[in-house]
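Right, one structure below, let's go through it.
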Amino acid sequence: MEKTAIDINKPRGLHQYQWEIFLVVLFLAVNVVNSFLSPYYLTLDTFVSTPMNFLDKAFLVLPMTMIIILGNIDVSVGSIVALTSVLMAVSYNAGLPMPLAMVLALLVSTTCGFINGFLQIKFKELSATIITLSTMTVFRGIAYVILEDRSAGKFPSWFSFLAWGYLGKIPFILIVFVLAAIVFAVILHTTRFGRMIYAVGSNRTACEYSGIRTDRIILGVSMLAGLMAGFTSLFLTSRMGSTRPNVALNYELDAIAMTVLGGISTNGGKGRITGPLISIFLIGFLNYGLGLRNVSAQVLLIILGFLLVLSVLVQNFTDRPRQKSPQKSSAPTRRSDAGDGSDIHENSAQGG
Amino acid sequence: MADYILELRHISKFFPGVQALKDVHFQLKPAEIHAIMGENGAGKSTLIKIITGVYHPDEGEILFNGQPVHFRSPLDAQRLGIAAVYQHVACFPDLSVLENIFLGHESFDSLTRKIHWRELRKKAEVLLQSLDADFSPSASMGSLSIAQQQIVEIAKALSVDAKILIMDEPTAPLSRRECEDLYRITEGLRDKGVSIIFISHRIEDMYRLAERVTVLRDGHYIATWDVPGLEQARLVQGMVGREITQYFPSRHAAIGEEIFRVEGLSRTGFFKDISFSVRRGEIVALTGLVGAGRTEICESLYGISPRDAGRLFLEGKEIAIHTSAEALAHGIGYLPEDRMKQGLVLDWDLIRNITLASLKNFCRNGFMQPSQEKDIALRLTDSLKVKTAHIYAKASTLSGGNQQKLIVAKLLTSKLKLIILDEPTKGVDVGAKTEIYRIMNQLAEEGYGIIMISSEMPEVIGMSDRIVVIREGRKSAEFATPDATQETILEAAMTAHGREAHAIAG
Amino acid sequence: MQSQVKMNADGSTGGANLRPQNLEGPPDSRSSGLIRKISRNSETFRELGLLIFIVALAAIFQIRNPKFLSIANIKDLLANTAILSILAVGMMMVIITRGIDLSIGSTMALSGMITSLTVSAHPGISPFLSLAQGMAIGLAAGLVIGVLVAYFKILPIIATLGLMNILRGMTYLISKGKWVSAYQMSAGFKNLSTGTTLGINNLIIFAVVIYILYTYFINQTKTGRYIYAVGSSPETAELIGIKRQRIILLVYALMGLLAGLAGVLWVSKFASAQGDTAVGYEMNVIAATVLGGVSVAGGRGKVSGILLGSILFGILANALPLINISPFWQQFIQGLVILAAIISNVLLQRRNDKLALKKRAI
């Protein structure tokens, strides 16, 4: 049975894509239901322009996929969107040309991402959860400090093109999103950077022994998350025409839910970007259908919450949980490397 | 009353592929301190786990006060009054000493569920006083030194009226003065009628403390001697007195000029003032007892863990290494001890594991080149004879020896000059061992310098050109391999006077 | 080492359990462990620092606005702090076991909404029945989270994020988007929070009762100490036979119970129940808790600490408008406070670890 490694082609099979197939079936089911709700539903136009309503937050799903593959969580992205949007509006109103204001927005959002990443690599004892929880409050807090309860806007008319414009018959935002999705898919699945993301998420210790600069990966992904939050903020602001400090509330939940529903395991190291991409459209069209039935947006909240918990439940049952290293710094005892396994500690499955 | 409070007869224990204990005897008298000695892997820990009910013996019987007993779980052993204190204290650092002693078997009011603090505190004070503790029961566990924490563990054992106390390498993390305190406490316990099983790597511990000693070697019972009047040479002979029957492939590597040197490497709390060098084509064995600091030294060389002082020279030039990436860039590779956690991504296939440490070499403009990856993986798995169904198999499906080869393959994708192998044959079967030895020789012949950390005496002697012995964080001896015997190495590793012993022996 | 000293010379609540009878003089006067001194200093330092900070802040506010230290304002301040401090009790237990609960704002909203709807439909209902109803709702929510975290091994952040939305959505659904306003609530119901007993605001009485019960529970009882044990070292806890999963379930259930209670009090206090009641309030609670010295690494936290943390937060919320700082600074300050608290914890820990290593000279 055992022999020296032989050359074969990489085994591939549909069974690898079970989860994606499941999502596609769900997506189709949603659309079948929707088409019964409205006689005008089944048109090409519906499928091309409906995404304009939900694609802004979809930009957050792309880096969230990387973050969860790394084994982390980032709850601050919604706040970054709000801060960036407020800063862009305020700086434009203060006289900065709009294109520069947009560049500023992206710079600010990337900086926010950098701060998240920097804190994570400087204070490894702290979990990404608690760090982004505090920066979430700080970022949105700054937005409130700047704008209080006012709104800001009066953008140049061309700015609305971002969210509402079409190139030919296709919405501009759809084109940008497809391009971004392709870029992220390529980065994640074909580049060295992508490979290292999976490696760090699968076994960070082994990466550190293999000369991989894990800190750089974490910093890089955090900055990408910031950059994409900037994109979300551009499109969201354009769609609404004005902004307030409380925009993009709960966007982090949407992004996390879509990612996890897309089959990315919260244990890290597993999943493809195709799943989250499908789940963006699944949830988007589901939302649209609920709108057709005049079901309140609050029902979607419930559904999202359920989907999040359920998909993690399913994953925990199918995927044996990876042993996570305890976050607590342990006593400076000598390494327990007793030859015949006399280590008395039992590993805890979940640190929490 | 039986002669022995605890007696083990004809105990054998099998694990898949290995026999950990074979026909072992052990007899513990009431109120005696009985040492168990042996090398790493001699079976001491397995024996302890059988006594504490963690493992069940496959053959043989256990008598407690002359009555046969069966331990279904550690709780059964605890009920009979068998308690253990380990080197690595399992405690609640954030809770008080009092709570660490009693939590789990505390007495409390069944109605209000209030713990009987007053009563427990009095008990704790009495216990701690009897152990001459210099801290109060309300002190926080985390603020105590390791020696003090051990005292708490002993108090915990006594709080359940232990009749037999097992002390598993308690002195390893202690300073000399702390050891002396522990000796006194141990003797005090014995005088009160507790029987103590004392396990230590230190020969001086045994001479200072024990009345009798049982020696194990490779899972076999060797002898039980009275300590007074026992010659050290006889004891050491008993521990290592095997003939080296294992086959080590003959070695033809030409040893060249010095390739790597370390001077004065220190890290507070782990090791101090370590210097040695490696030549091209040379295998240097870094040996010593488990926990002596060998792994920490090499991890520091490799940039995984920090160091406080020390200089590294590669081919005569001083180099700075702060991360493993820098170490790899300089040509230093490291095969870690725990291959599952530190070496491999178990969920990944062979190819990806092999290229993990040198992704740069397999990408163009940042994009991975799967065909190149596959080529090198096929080449290396073939030349190292990694046995697997195919190269897309997950690393978790390989046997231990093949996993080890896989990590070697991973190292070979980088341009290395020095390879550090941390316990390369740990947990692999005999056939795979021989193959790993063959690979090591092959590497040496190709001109790599090799540092091998090993606890196995025959391997150290059979495979190295030079031997550096580490004892408690310091270099205690260095031998040219032909001058070394198992006895001299063990003495250097175990006794404070190893160097002198060596001088006499040499 | 996890250097932390649980006793403190001032005999404050957190350490009281350990030397309840003062059987001896000052603890450890005879021992001279360097690390112990330093870690005790750092522990006392935190609480003392917090106290000094509170006093200094109060002094500044008083100078800027003499109304600050008036009896009326202090009463107001304490009443406003009461709900926060009640919730901090639950959050402290959750964080001690290395968890987090983001769902409490939603639990409060749901509990507040359902109880006030009940009251508006049956005005004659006893206020205490309303309290019980709210607590039952909270307990149910907490049990769900506890089961998900303890038995289904879902990360606390994911489970509570999910429940946060489910509960919030349910609140909107049940209320059909409408508010329950003051005129729909019975006087007795509103009296729960706004009334006084013996001249003391009821909210303060609730808080005091809960703190007394809680201090007893967490410091004196077996289960209370097991909570610390599980957070301090989950492995050791299992080793000595503590049922870890049960403790975690309990902790989230209690958090839910308190959130349910707080929801009723909140709605009664503001005399209005809305869909967005207490949105984001979980962050205030987390901030007050970590500010009070509860370590996110688990195992550590004192009642006195969270009390001080809550009061500091109450002062900030109360005083910022008084000294003409926009209340919109509050969230920003809150975030910075959390960040500063968790980072200073890490730095102190590192220092202690280093000192512990130094002791192990080779």
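The values are calculated or read from the model by the stated rules, or taken from the named source; none is laboratory data. None of these values were measured; they are calculated from a predicted model. Every residue, glycine as well, gets a Cβ built from its backbone with ideal geometry; the counts of neighbours run over all protein chains shown.
Overview of results
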item	result
Out of B:V152, B:V126, sole residue that is without any contact (Cβ under 8 Å) to a residue 24 or more places away in the chain, aliphatic (A, V, I, L, M) and outside any strand (DSSP E or B)	B:V126
Some residue of the stretch A:234-247 being basic (K, R), within 14 Å of another protein chain (Cβ to nearest Cβ) and closer than 30 Å to B:L346 by Cβ	no
Helices (runs of 4 or more DSSP H) contained in the stretch B:366-445 and holding at least 2 residues more than 13 Å from every other protein chain (Cβ to nearest Cβ), buried (at least 19 other Cβ atoms within 10 Å of the Cβ) and β-branched (V, I, T)	B:430-445
Residue that is part of a helix (DSSP H, G or I) and crowded, with 24+ Cβ neighbours inside 10 Å, where the choices are C:S295, C:S310	C:S310
Number of positions in the stretch B:317-344 that are assigned to a loop (DSSP other than H, G, I, E, B) and either charged (D, E, K, R) or touching a residue at least 40 places away in the same chain (Cβ under 8 Å) (or both)	5
B:T224 being of a type in the set (S, T, N, Q) and surrounded by fewer than 17 Cβ atoms within 10 Å (Cβ to Cβ)	yes
Filter result for the condition that a residue is surrounded by fewer than 24 Cβ atoms within 10 Å (Cβ to Cβ), within 30 Å of C:T171 (Cα to Cα) and touching a Lys or Arg at 6+ places or on another chain (Cβ under 7 Å), over C:A317, C:A271	C:A271
Which numbered condition B:V240 fails, given (1) modelled with pLDDT of 85 or more; (2) closer than 28 Å to B:Y207 by Cβ; (3) of a type in the set (V, I, T)	(1)
Number of the condition not met by B:H34 [criteria: (1) within 29 Å of the chain's Cα centre (by Cα); (2) surrounded by fewer than 22 Cβ atoms within 10 Å (Cβ to Cβ); (3) more than 14 Å from chain C (Cβ to nearest Cβ)]	(2)
Search result, residues across the stretch C:269-280 that are within 12 Å of chain A (Cβ to nearest Cβ) and in contact with a Phe, Trp or Tyr (Cβ under 8 Å, 6 or more places away or on another chain)	C:G275
Subset of the stretch C:59-93 [touching a residue at least 60 places away in the same chain (Cβ under 8 Å), in a helix (DSSP H, G or I), surrounded by 15 or more Cβ atoms within 10 Å (Cβ to Cβ) and more than 22 Å from the chain's Cα centre (by Cα)]	C:F61, C:N73
The lone exception for B:I115 - which of (1) surrounded by fewer than 23 Cβ atoms within 10 Å (Cβ to Cβ); (2) within 8 Å of another protein chain (Cβ to nearest Cβ) it fails	(1)
Hits in the stretch B:257-283 - residues which are farther than 11 Å from B:E315 by Cβ, more than 14 Å from chain C (Cβ to nearest Cβ) and part of a loop (DSSP other than H, G, I, E, B)	B:G281, B:E282
Leading residue by the ranking (nearest to the other protein chains (Cβ to nearest Cβ)) among those in the stretch B:353-362 that are in contact (Cβ under 8 Å) with a residue 12 or more places away in the chain and surrounded by fewer than 23 Cβ atoms within 10 Å (Cβ to Cβ)	B:S358
Total residues in the stretch C:191-216, condition buried (at least 19 other Cβ atoms within 10 Å of the Cβ) and closer than 22 Å to C:I125 by Cβ	5
Within the stretch A:1-107, helices (runs of 4 or more DSSP H) holding 1 or more residues that are modelled with pLDDT under 85	A:18-37, A:44-49
Boolean, B:F14 is under 29 Å from the mean Cα position of the chain (by Cα), surrounded by fewer than 22 Cβ atoms within 10 Å (Cβ to Cβ) and on the phi < 0 side of the Ramachandran plot	yes
Options C:M283, C:M255; residue that is more than 13 Å from chain A (Cβ to nearest Cβ), closer than 15 Å to C:I100 by Cβ and either among the hydrophobic types (A, V, I, L, M, F, W, C) or touching a residue at least 40 places away in the same chain (Cβ under 8 Å) (or both)	C:M255
Checking B:I185 against (1) in contact (Cβ under 8 Å) with a residue 40 or more places away in the chain; (2) within 12 Å of chain C (Cβ to nearest Cβ); (3) in contact with a Leu (Cβ under 7 Å, 6 or more places away or on another chain), the condition it does not meet	(2)
Matching residues in the stretch A:206-223 - criterion: being within 7 Å of another protein chain (Cβ to nearest Cβ) and surrounded by fewer than 20 Cβ atoms within 10 Å (Cβ to Cβ)	A:R213
Residue within the stretch A:274-295 that is farther than 24 Å from A:V178 by Cα, more than 8 Å from chain C (Cβ to nearest Cβ), of a type in the set (A, V, I, L, M, F, W, C) and outside any helix (DSSP H, G or I) present	yes
Residues that are part of a helix (DSSP H, G or I), out of contact with any Lys or Arg (no Cβ under 6 Å at 6 or more places or on another chain) and facing chain B (nearest Cβ under 9 Å), drawn from the stretch C:224-247	C:G224, C:R225, C:Y226, C:Y228, C:A229, C:S232, C:E235, C:T236, C:L239
Per-region count, the stretch B:123-137, residues surrounded by fewer than 24 Cβ atoms within 10 Å (Cβ to Cβ) and at the interface with chain C (Cβ under 8 Å from one of its Cβ atoms)	3
Residues located in the stretch C:289-318, provided they are small (G, A, S) and either within 10 Å of the chain's Cα centre (by Cα) or within 14 Å of chain B (Cβ to nearest Cβ) (or both)	C:G292, C:G293, C:S295, C:A297, C:G298, C:G299, C:G301, C:G305, C:G309, C:S310
Only listed residue being more than 11 Å from chain C (Cβ to nearest Cβ), of a type outside the set (D, E, K, R) and not in a helix (DSSP H, G or I), chosen from B:A42, B:A77	B:A42
Qualifying positions in the stretch C:147-200 - more than 18 Å from C:T118 (Cα to Cα) and either touching a Cys at 6+ places or on another chain (Cβ under 7 Å) or more than 9 Å from chain A (Cβ to nearest Cβ) (or both)	C:V147, C:A150, C:Y151, C:T160, C:T194, C:G195, C:T196, C:T197, C:L198, C:G199, C:I200
Verdict on C:L117 being assigned to a helix (DSSP H, G or I), within 23 Å of the chain's Cα centre (by Cα) and not small (G, A, S)	no
